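The values are calculated or read from the model by the stated rules, or taken from the named source; none is laboratory data. The structure presented is a predicted model; accordingly, all values stated were derived computationally and were not measured. Please note: Cβ atoms are built from the backbone with ideal geometry, for glycine as well, and neighbour counts cover all protein chains shown. All accessible areas refer to the heavy atoms of the entire protein, side chains included, with ligands and DNA or RNA removed. Shrake-Rupley method; radii C 1.70, N 1.55, O 1.52, S 1.80 Å.
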Amino acid sequence: MYLGFENPHWGAFKVRILRESWKNFAVTPETQYRVGQRVQATRVIGWYQGDPAIIVETPEQIVVKGE
């Protein structure tokens, strides 16, 4: 799942939740997060398939803002 800023997401910064990490979430991330929601992701920015990204592994690394 991508939490991103561009569509298509190639070439843009994104927050990525890899499928193997979905087991760490109470519900699937696509159910837990929605389009237009403000979130804060806490991890070191790295690279994913040539693009800058934060790879999130647990729900504690994402905070929903303004709700």
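The table below gives the values:
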item: Number of positions in segment 27-67 that are surrounded by 10 or more Cβ atoms within 10 Å (Cβ to Cβ), outside any loop (DSSP other than H, G, I, E, B) and not polar (S, T, N, Q); result: 16
item: Residue list for segment 34-51, restricted to those being modelled with pLDDT of 90 or more and not β-branched (V, I, T); result: Q40, A41, R43, G46, W47
item: Selection within segment 1-23 - at pLDDT below 75, open to solvent by less than 50 Å² (accessible area, probe 1.4 Å) and closer than 12 Å to P52 by Cβ; result: G4, H9
